[in-house]
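What follows is a short report on a single structure.
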Amino acid sequence: MDPIDCITGSDALRSLFRAPSQRALDKEIDHIDDVAADVIGAAPLFILATSDGDRVDISPRGGEPGFVKVLDRTHLAFGDLAGNNRIDSYRNLIGHDRVAMLFLIPGLEDSMRVNGRASITVDEGIRRQCRSGDRVPNLAVIIEVETCFMHCGKALRRSAVWEPSTWPAADERPTGADMLKAHSADPAPVDEIASALEDAYQRTLWQPGGTGDEVPSTS
């Protein structure tokens, strides 16, 4: 790509935007209040951002509403469930404990952001608080909350992400198997990859992390 003129100073950046409203400045709090706890209790999904100081990783975390637990006004916790076992986020936390979380509730355009410091624990008491039904995770993540605030719904409203009428048909977008085949250069046919992937989902979806293989080999 040819060189382009990029903004490098905060003053030049600020000049491109109108000043934020006082309400936008005041909405940030340093704890989990009752409303924030209600949002967390209703959210079946959040997006987790971590970093190793060089590379930034982001991943979705989902479960039954309330799977993220409010331990007190400044601490949250969630248990691990089966993933692809790359453990990118957890490896990041060993050396860099800063995290960001974006909580989403289906049908609600507004979301909630939480920033803080995270630690990984195998403490049995915390793991049991983070259980899903009778499933106790093999580890839990505790977040010490530093900031919490509502994020406006303009992006979700523009995208109409909660409107089924806007969703592309199955034949209008790639599948997970399509992406997996392309990115891993797997020689197996797409339908074989899709079948193996679905089988892994069915077998390990609710298992504690560290067991099973969410993206199995088809060779």
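So the values come out like this:
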| read-out | value |
| --- | --- |
| Filter result for Ala118 (surrounded by 17 or more Cβ atoms within 10 Å (Cβ to Cβ) and more than 19 Å from Leu205 (Cβ to Cβ)) | yes |
| Which listed residue is under 22 Å from Arg98 (Cβ atoms), touching a Lys or Arg at 6+ places or on another chain (Cβ under 9 Å) and buried (at least 16 other Cβ atoms within 10 Å of the Cβ), from Ala77, Ala36 | Ala77 |
| Any hit, segment 76-86, residues being at pLDDT 95 or above and among the basic types (Lys, Arg) | no |
| Criterion: loosely packed, with under 13 Cβ neighbours inside 10 Å, free of Cβ contacts under 8 Å to residues at least 60 places away in the same chain and touching a Lys or Arg at 6+ places or on another chain (Cβ under 9 Å) - qualifying residue of Pro189, Pro174 | Pro189 |
| Helices (runs of 4 or more DSSP H) fully within segment 34-130 counting 1 or more residues that are over 18 Å from Pro208 (Cβ atoms) and touching a strand residue (DSSP E or B) at 6+ places or on another chain (Cβ under 8 Å) | 34-42, 88-95 |
| Residue match in segment 127-150 (condition: in contact with a helix residue (DSSP H, G or I) (Cβ under 8 Å, 6 or more places away or on another chain), among the aromatic types (Phe, Trp, Tyr) and either touching a residue at least 24 places away in the same chain (Cβ under 8 Å) or in the same structural domain as Ala37 (by TED's automatic domain parsing) (or both)) | no |
| All positions within segment 175-208 that are outside any helix (DSSP H, G or I) and either within 30 Å of Arg127 (Cα to Cα) or under 22 Å from the mean Cα position of the chain (by Cα) (or both) | Thr175, Leu205, Trp206, Gln207, Pro208 |
| The listed residue being modelled with pLDDT of 90 or more and of a type in the set (Lys, Arg), out of Arg128, Arg203 | Arg128 |
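Quick grid of which residues meet (1) in a loop (DSSP other than H, G, I, E, B); (2) touching a His at 6+ places or on another chain (Cβ under 8 Å); (3) modelled with pLDDT of 95 or more; (4) closer than 24 Å to Ile32 by Cα:
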| residue | (1), (2), (3), (4) |
| --- | --- |
| Ile142 | no, yes, yes, yes |
| Val161 | yes, no, yes, no |
| Ser165 | no, no, yes, no |
| Asp171 | no, no, no, no |
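Results for (1) under 22 Å from Val161 (Cα atoms); (2) of a type in the set (Phe, Trp, Tyr); (3) in contact (Cβ under 8 Å) with a residue 60 or more places away in the chain, shown as yes or no for each residue.
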residue: Cys6; (1), (2), (3): no, no, no
residue: Gly9; (1), (2), (3): no, no, no
residue: Arg23; (1), (2), (3): no, no, no
residue: Ala37; (1), (2), (3): no, no, no
residue: Phe46; (1), (2), (3): yes, yes, no
residue: Val70; (1), (2), (3): no, no, no
residue: Leu81; (1), (2), (3): no, no, yes
residue: Ala100; (1), (2), (3): yes, no, no
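The values are calculated or read from the model by the stated rules, or taken from the named source; none is laboratory data. Model, not experiment: these values are computed from the prediction. Glycine gets a Cβ as well: all are built from the backbone with ideal geometry, and neighbour counts include every protein chain shown.
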